[in-house]
């Protein structure tokens with residue numbers, strides 16, 4: 001039986017992938033902050049007759065300590081993992097600083113995925129065909145890393161925070177692959193495109209605007225996750241980083257996948273691995 005962890009697996013694409021994996025006969029642990037959504041996921045799993053293979057782990061993934069706790073609990077439950085799927089993300093309408101000193105979007109979009117990936121590598125390396133799946137905006141060129149102000153204490157905006165965290169997540173994939181050159185675990189950065197992944201985390205009037213745009217232009221979750229499932233089932237090549245915009249492979253020479261920037265960001269955050 002294959003075993004997966006889906007961070008952010010109680011809604012949107014994370015939920016869609018978690019339910020797909022359950023239908024395929026896998027053991028799936030989803031991680032999320034909302035206990036009601038967690039219960040709904042477990043109810044859905046029971047409806048698929050997969051209740052015994054589904055678990056919900058409640059955690060605030062914007063906290064480094066909580067990510068370390070999740071890693072510890074997963075290691076206590078399993079001897080091996082076949083996949084880690086990272087989808088947890090929500091924009092903040094005002095600047096929020098975490099206990100670790102990071103802006104909230106950066107903490108949830110980058111730091112959490114960083115800690116889970118590195119923390120669970122040992123288990124992944126024991127999996128049958130292991131892969132880390134990072135749902136992100138790879139291929140987009142807007143936004144940059146604010147090297148002198150990662151926590152955006154100066155000039156915060158929701159868009160600025162989202163763009164910076166997106167660029168940081170791209171660099172996470174590059175650094176991870178370079179830091180594990182002989183690993184069996186593949187690292188997939190995947191841009192799914194505009195998807196109907198839910199608006200419960202948004203405030204008005206943005207919530208209404210996004211919901212209307214989603215009805216007009218967004219693809220359903222089932223369509224968005226199809227290319228990801230294909231890559232998880234049959235990844236091209238062996239070892240290293242995969243970067244895809246839907247079904248289109250992206251060149252590793254993209255400026256947003258710059259190895260020197262990836263190394264620099266890793267250096268600025270690697271101390272969190274030992275906190």
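A short reminder: the numbers here are calculations on the coordinates, not readings from a lab. Bear in mind the structure is a predicted one, so any value in this text is a computation, not a measurement. All Cβ positions, glycine included, derive from the backbone under ideal geometry; neighbour counts span all protein chains shown.
Could you pull out the residue among 61, 84, 152 that is in contact with a strand residue (DSSP E or B) (Cβ under 8 Å, 6 or more places away or on another chain) and touching a residue at least 60 places away in the same chain (Cβ under 8 Å)?
Values: 61 fails: touching a residue at least 60 places away in the same chain (Cβ under 8 Å); 152 fails: touching a residue at least 60 places away in the same chain (Cβ under 8 Å).
Only one candidate qualifies: 84.
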Residues 171, 150: which one is under 16 Å from the mean Cα position of the chain (by Cα), at negative phi and either in a helix (DSSP H, G or I) or surrounded by 17 or more Cβ atoms within 10 Å (Cβ to Cβ) (or both)? 171
Which residues, counting only those in segment 84-130, are within 14 Å of residue 180 (Cβ to Cβ) and part of a strand (DSSP E or B)? 84
Which ones in segment 25-36 are farther than 22 Å from residue 81 by Cα and over 18 Å from the mean Cα position of the chain (by Cα)? 35, 36
Only one of these is over 25 Å from residue 127 (Cβ atoms) and over 18 Å from the mean Cα position of the chain (by Cα): 259, 252. Name it. 259
Filtering segment 249-275 down to residues that are more than 21 Å from residue 185 (Cβ to Cβ), without any contact (Cβ under 8 Å) to a residue 24 or more places away in the chain and not in a helix (DSSP H, G or I) yields 251, 253
Go through segment 46-61 and count every residue that is part of a strand (DSSP E or B) and crowded, with 17+ Cβ neighbours inside 10 Å. 4
Identify the residue in segment 232-249 that is under 18 Å from the mean Cα position of the chain (by Cα) and under 23 Å from residue 115 (Cβ atoms) and, among all such residues, is surrounded by the most Cβ atoms within 10 Å (Cβ to Cβ). 243
Looking only at segment 19-35, decide whether some residue is in contact with a helix residue (DSSP H, G or I) (Cβ under 8 Å, 6 or more places away or on another chain), over 25 Å from residue 185 (Cα atoms) and either crowded, with 24+ Cβ neighbours inside 10 Å or in contact (Cβ under 8 Å) with a residue 60 or more places away in the chain (or both). no
